[in-house]
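Undergrad: Would you mind keeping the following structure in view while I ask a few things?
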Amino acid sequence: MTESFNVGDLVAEFLQQCGVTTAYGVVSVHNIPMLDGIGRRNAIRFVPSRGEAGGGHMADAHARVSGGLGVLFSSTGPGAANACGALVEARFASTPMLHLTGQTARANLGKEQGAVHDVPDQLGMLASVSKSAYRVDDAQTAFATLCKAAGEALTPPMGPISVEIPIDVQRTAIERPADLDNLVLPV
């Protein structure tokens, strides 16, 4: 029997290869595939927070204390907006942080329909408070986008990088990238 592997699993294994041992945030309908991937591997401890602001500050503190990459998971829309204060703090402090947020399905993007927490220009909002912000447009670009984002977070001047991954992309089955085994970030 072939084991399935999706973009959510890729996120989990990518973080593990980056040396992440703990991640923080809020479980949401828009990030469940990524958190399921973490849960199936049981290698990264997920610490749930009462809100994205608190989770962001915990990820920031973890990165400052550990010297590694802090990781925050948020919901989309208002949840991503709740993370903004922590992202600004991490940016001022040059804390290497990876903010992973969900996004509505690609078919709903840019239509301002208000589909399940969809807000106008979430990516622009995140870019205004992060060092950079990226969207994973399709499953085939997920690995390269994650590498670019984590590498940029860890490159001086370090800072928080936000990555939004639409829910349909997170669920997309892909082949496990062979480069995960010998991951070298572009730092």
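The values are calculated or read from the model by the stated rules, or taken from the named source; none is laboratory data. Here the structure is a predicted model, which means the values were calculated and not measured. A quick note on method: Cβ atoms are made from the backbone with ideal geometry, for glycine too, and the neighbour counts reach across all protein chains shown. The protein model used for the area step is the full one, side chains on, heavy atoms only, and it has no ligands, DNA or RNA in it. Shrake-Rupley method; radii C 1.70, N 1.55, O 1.52, S 1.80 Å.
Undergrad: Residue under question is Asp9, and the condition is that it be open to solvent by less than 30 Å² (accessible area, probe 1.4 Å) and acidic (Asp, Glu); does it hold?
TA: So Asp9 passes the test.
Undergrad: Pull up region 162-186, narrow it to residues that are in a helix (DSSP H, G or I) and polar (S, T, N, Q), then point me to the one that is most open to solvent (accessible area, probe 1.4 Å).
TA: The extreme case among them is Asn182.
Undergrad: Please enumerate the residues belonging to region 121-147 that are small (Gly, Ala, Ser), in contact with a helix residue (DSSP H, G or I) (Cβ under 9 Å, 6 or more places away or on another chain), closer than 17 Å to Met97 by Cβ and assigned to a helix (DSSP H, G or I).
TA: Ser128
Undergrad: Pairs, please: C-beta under 9 Å, at least 6 apart or cross-chain, first residue more than 17 Å from Thr172 (Cβ to Cβ) and of a type outside the set (Ser, Thr, Tyr) and in region 91-120, second modelled with pLDDT under 75 and surrounded by 18 or more Cβ atoms within 10 Å (Cβ to Cβ)?
TA: Listed pairs, sorted by first residue: Lys111/Asp118; Glu112/Asp118.
Undergrad: Could I ask something else about it? Could you check Ala105 against (1) open to solvent by less than 10 Å² (accessible area, probe 1.4 Å); (2) within 21 Å of Val26 (Cβ to Cβ) and say which number it fails?
TA: Evaluating Ala105 over (1) open to solvent by less than 10 Å² (accessible area, probe 1.4 Å); (2) within 21 Å of Val26 (Cβ to Cβ) leaves (1) as the failure.
Undergrad: Out of Gln140, Gln113, Gln122, I need the residue that is under 14 Å from Gly77 (Cα atoms), under 17 Å from the mean Cα position of the chain (by Cα) and polar (S, T, N, Q). Which one?
TA: Of Gln140, Gln113, Gln122, the one residue that is under 14 Å from Gly77 (Cα atoms), under 17 Å from the mean Cα position of the chain (by Cα) and polar (S, T, N, Q) is Gln122.
Undergrad: So His117 ticks every box in (1) under 21 Å from Cys84 (Cβ atoms); (2) open to solvent by 50 Å² or more (accessible area, probe 1.4 Å); (3) modelled with pLDDT of 95 or more but one. Which box is left unticked?
TA: (3)
Undergrad: May I pose another question? Show the residue pairs that are 6+ apart or on different chains and have beta-carbon atoms under 7 Å apart, the first residue being within region 157-168 and in contact (Cβ under 8 Å) with a residue 40 or more places away in the chain, the second being of a type in the set (Lys, Arg) and part of a helix (DSSP H, G or I).
TA: Here the result reads Gly159/Arg91; Pro160/Arg91; Pro166/Arg106; Asp168/Arg106, each pair linking region 157-168 to a residue that is of a type in the set (Lys, Arg) and part of a helix (DSSP H, G or I).
Undergrad: Another question, then. Say we look at region 18-70 and pick out the residues that are surrounded by 18 or more Cβ atoms within 10 Å (Cβ to Cβ) and among the polar types (S, T, N, Q); which of these is modelled with the lowest pLDDT?
TA: Among residues in region 18-70 that are surrounded by 18 or more Cβ atoms within 10 Å (Cβ to Cβ) and among the polar types (S, T, N, Q), the one modelled with the lowest pLDDT is Ser28.
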